[in-house]
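For reference, the structure discussed in these notes is given below.
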Amino acid sequence: MPLSLDFHTLRCAYSSGEATPAAIVREVISRVERRGDDAVWISRIPGKKLLDEAAALKMITMQGGVFGAITPSSALLAAFDAA
């Protein structure tokens, strides 16, 4: 069963170390690609940009930020909304 992308599940997965922002972004990209060209998306943010945002988020957390206290960028939020 794939990881649920609701905020509670994500927060628990991040807190336990079970998931990282980059892993979640890769999962979202994979899910979108598996759906194929189904005309659901008005536009998509390139995967590289999303992965760059995830890397930036990781740097923030490594510098003492707490995931629940930071506001993810619009690109990262769009990835979560897309899943």
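The values are calculated or read from the model by the stated rules, or taken from the named source; none is laboratory data. The structure presented is a predicted model; accordingly, all values stated were derived computationally and were not measured. All Cβ positions, glycine included, derive from the backbone under ideal geometry; neighbour counts span all protein chains shown.
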### Task
Kindly establish whether Met1 is at pLDDT below 85, out of contact with any helix residue (DSSP H, G or I) (no Cβ under 6 Å at 6 or more places or on another chain), outside any helix (DSSP H, G or I) and of a type outside the set (Lys, Arg).
yes
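Go through Thr20, Thr71 for me and flag whichever is of a type in the set (S, T, N, Q), at pLDDT below 90 and surrounded by 10 or more Cβ atoms within 10 Å (Cβ to Cβ).
On the way: Thr71 fails: surrounded by 10 or more Cβ atoms within 10 Å (Cβ to Cβ).
Going through Thr20, Thr71 in turn, the sole match is Thr20.
For Ile29, state whether it is part of a helix (DSSP H, G or I) and either at pLDDT 85 or above or of a type in the set (Lys, Arg) (or both).
Details: part of a helix (DSSP H, G or I): yes; either at pLDDT 85 or above or of a type in the set (Lys, Arg) (or both): yes.
Yes, satisfied.
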### Query
What are the residues in region 32-52 that are modelled with pLDDT under 90, in contact with a helix residue (DSSP H, G or I) (Cβ under 8 Å, 6 or more places away or on another chain) and part of a helix (DSSP H, G or I), if any?
Val32
